[in-house]
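Single-structure report; data block below.
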Amino acid sequence: MQPRERRETGEQDLFRSRLDQIIDLKHPLAALGRTVDWGFLEREFGAVYTDDPGRPPLPTRLMAGLAILKHTYDLSDEVLCERWVENPYYQYFCGEEFFQHRLVFDRSSLTRWRNRMGEERLQALLQESLSVATKTKAIKPSELSRVIVDTTVQPKNVTFPTDAKLLNRAREKLVRLAQRHGVALRQSYTRVGKFALVQHQRYAHAKQFKRANRMLKKLRTLLGRVIRDIDRKIEGDSGREGTFAQLLLLARRVREQKQHQRGRKVYSLHAPEVECIGKGKAHRPYEFGVKVSVATTISHAKGGQFVTHVKALPGNPYDGHTLATVIPDMEALVGNTIARILADKGYRGHNAPPDYKFRVFMSGQKRGVTPRIKRELRRRSAVEPVIGHLKAEHRMDRNYLWYRRGDANNAVLAAVGYNFRRLIRWLSLLLRQFLSALYPGPSINPA
């Protein structure tokens, strides 16, 4: 090989190595980290901190970045910590200037940060995702004024409740709590209760319901014996009475509730806020969790179908009665007046504010429907795949966070992860076009 050819080959190798460095620097996650307005998030989240003596709080960019990464890539807190240590792009996105070989935070810091922020402040992440989308031209600001609204169920991390399982579980928890606090029970019914539960399940499976009901009555009797025994042993002891108060209240509710009773029921002892919601699904008649309102844009923007608003709605309200709270919250989040809302027939008789009476259109509506609105109504069902992605890829399918605040936080963070997933895909397309223009591939001349 001639010296000139060697020199040209070396220059090409150097150019390719520098191009690889450019590709590394232009990773979509790194580009997203440079686009997000971390100062805005610092102002929104920093309001909960005070200058009291003690350990200083962790950086806002670190905690906000971890929350975004967790729900963008559908990771648990443990897996997120493992990947953060080994992934330099995760660390760069969270504001680290040098590669860290060990965690600079504790896993429990994520839980405490979520609880401290709450639903209202976590909405700032959703607001910033829409701001980045408009800044990168993934979506036009005018597209945020026309939305589709629908509700879904965010299931809780509970097993399917049955009377027999709840009765036996309540007895087990009471016995365990009594042993932990030194309350000597007359009998724990551990062996008898487990055998009665197994027998009930077998009889119910064989459709021998008289025998199954006999075992159910036995389980209810055993739970009542344990409740009365604990009441006698802790009577007059204010400390123990306070310790057993909540669990005894739940156990009495489980023991006294009937199959067809009206009002609230207990479906889980570790998550008593769970509600039974029926959405008319043939494969899943009843779901146990909380109702969530989801709003997305009508038109499919360049960057995809973005979520504009998400809100947990405890109490299982009627869909049409949710617009009175959803519309003002959505306008405050988007910073724009909602010009048109599309909904399904479940929103008939809605209680939207008077100014929006003629801005809400439902599928199948005939009056006041122009040809343009008629075309848009055909896209009403575009919110369904968005809900499917929220559940399948962004941790809304099973909520592991505790209490009602966990329901609200998980719903908002799922929407945040969905929007940032769209932004990462949009930025990767832009960077791919930039690199293809910078370094075009070899041209093939036809013979």
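Measuring nothing but how far apart in sequence close Cα pairs (under 8 Å, 6+ apart) lie, relative to its length, region 230-377 scores a relative contact order of 12 percent.
Working note: Karplus 6.51/-1.76/1.60 with θ = phi - 60° gives region 65-79 the couplings x, 5, 5, 5, 5, 4, 8, 6, 10, 6, 10, 7, 4, 5, 5 Hz, where Gly and Pro are set to x. Mind checking which lysines have their Cα closer than 20 Å to the Cα of LYS137? Skip sequence neighbours fewer than 8 apart in that chain. Those lysines meeting the cut-off are LYS26, LYS302. What residue among GLN259, GLN100, GLN305 shows peak mean-square fluctuation when the chain is described by a Gaussian network model with Cα springs under 10 Å? Residue with maximal mean-square fluctuation among GLN259, GLN100, GLN305: GLN259. Rounded, prolate or oblate: which fits region 191-317, taking a ≥ b ≥ c as square roots of the Cα gyration tensor eigenvalues, rounded meaning a/c under 1.5, else prolate when a/b beats b/c? Here region 191-317 falls in the oblate category.
In plain terms, the chain is cut at each of the GluC sites (Glu not before Pro) found in a DSSP loop with at most 14 other Cβ atoms within 10 Å, and the longest leftover piece is 236-447. Structure remark: mean-square fluctuation, Gaussian network model of the chain, C-alpha springs under 10 Å; the largest value among LEU250, LEU185, LEU166 belongs to LEU185.
Cross-link pairs exceeding 28 Å between alpha carbons, from the set LYS156/LYS281; LYS210/LYS281; LYS265/LYS311; LYS135/LYS291: LYS210/LYS281; LYS135/LYS291. Ranking HIS309, ILE373, TRP426 by Cα position along the charge dipole of the chain, where only Lys, Arg, Asp and Glu carry charges on their C-beta atoms, puts ILE373 farthest toward the positive end. The 3J(HN,Hα) values that the Karplus relation (6.51, -1.76, 1.60; θ = phi - 60°) gives for region 362-374 are, in residue order, 10, 4, x, 6, 10, 7, x, 9, 7, x, 5, 5, 4 Hz. Gly and Pro appear as x. In units of the compact-protein estimate 2.2 N^0.38 Å, region 25-172 shows a Cα radius of gyration of 1.30. Computed log10 I(q)/I(0) for region 305-447 at 0.13, 0.17, 0.20 Å⁻¹: -0.74, -1.10, -1.36, from the Debye equation with unit scatterers placed on every C-alpha and solvent omitted.
Within the chain, DSSP assigns beta bridges of which about 75% are antiparallel (rounded to the nearest 5). Here the Karplus curve 6.51 cos²θ - 1.76 cosθ + 1.60, taken at θ = phi - 60°, turns the phi angles of region 402-418 into couplings of 7, 6, 5, 5, x, 4, 5, 5, 5, 5, 5, 5, 5, 5, 4, x, 4 Hz, with x standing for Gly and Pro. With contacts taken as Cα pairs under 8 Å and at least 6 residues apart, the chain reaches a relative contact order of 23 percent.
Highest GNM mean-square fluctuation among ILE234, ILE341, ILE298, for the chain modelled with Cα contacts below 10 Å: ILE234. Take the Kirkwood radius over Cα pairs of region 348-425, plug it into Stokes-Einstein at 4 °C and 1.567 mPa s, and you get 85 µm²/s for translational diffusion. Annotation note: trypsin sites (Lys or Arg not before Pro) in region 48-104 located in DSSP loop regions with a Cβ neighbour count of at most 12 within 10 Å are ARG102.
Per residue, the solvent-accessible area of region 342-447 (1.4 Å probe, heavy atoms of protein chains only, all protein chains present) comes to 60 Å². Normalised by the number of residues in region 154-310, the average gap of Cα pairs under 8 Å and 6 or more apart makes the relative contact order 26 percent. So if the hydrodynamic radius of region 229-377 is defined as the Kirkwood radius over C-alpha pairs, what does Stokes-Einstein give as its diffusion coefficient at 10 °C and 1.306 mPa s, in µm² per second? The diffusion coefficient I find is 82 µm²/s. Each Lys and Arg contributes +1 and each Asp and Glu -1, all at the Cβ; summed about the Cα centre of the chain, the dipole is approximately 2960 debye. The accessible area of TRP402, taken with all protein chains in place and a 1.4 Å probe, comes to roughly 150 Å². When the solvent-accessible area of the chain is split by element, carbon and sulfur atoms take up 51 percent of it, the probe being 1.4 Å.
With the charge dipole of the chain set up from +1 on Lys and Arg Cβ and -1 on Asp and Glu Cβ about the Cα centre, the Cα lying farthest toward the positive end among the listed residues TYR400, LEU29, GLY349 is that of GLY349. For region 290-447, the antiparallel share of DSSP beta bridges with both residues in that region comes to about 70%. Close amide H pairs (under 5 Å, H built 1.01 Å from N) link PHE306 with THR297, ALA301, residues at least 5 positions away or on another chain. Just so you know, the Cα atoms of the chain work out to an Rg and Dmax of 28.0, 100 Å. Using only side-chain charges placed at the Cβ, +1 for Lys and Arg and -1 for Asp and Glu, the dipole size of region 333-425 relative to its Cα centre rounds to 440 debye. Think of region 200-296 as a dipole: +1 on every Lys or Arg Cβ, -1 on every Asp or Glu Cβ, centred on the Cα centre; then among LEU247, PRO272, LEU223, LEU223 lies furthest on the positive end. How large is the helix-only mean residue ellipticity at 222 nm for the chain, computed as the sum of -39500 (n - 2.57) over DSSP H runs with n ≥ 4, divided by its residue count, in deg cm²/dmol to the nearest 500? The helix-only estimate for the chain comes to -18000 deg cm²/dmol at 222 nm. Extension gain, ARG102-ARG83: 0.36 nm per intervening residue step, less the Cα-Cα distance, totals 5.7 nm.
In a DSSP loop and with at most 14 other Cβ atoms within 10 Å, the trypsin sites (Lys or Arg not before Pro) in region 357-447 are LYS357, LYS366, ARG367, ARG378, ARG398. What's the FRET efficiency of LYS345 with THR50 using the Cβ-Cβ distance as r and R₀ = 51 Å, to the nearest 0.05? About 0.55, to the nearest 0.05. Label point of ARG284 set 7 angstrom out along Cα-Cβ; within region 361-403, amide nitrogens under 20 Å from it belong to 381-403.
The values are calculated or read from the model by the stated rules, or taken from the named source; none is laboratory data. This one's a predicted model, so the numbers in the text were calculated from it and none came from an experiment. Backbone-built Cβ (ideal geometry, glycine too); neighbour counts: all protein chains shown. Accessible surface areas use protein heavy atoms only, side chains included; no ligands, DNA or RNA. Shrake-Rupley method; radii C 1.70, N 1.55, O 1.52, S 1.80 Å.
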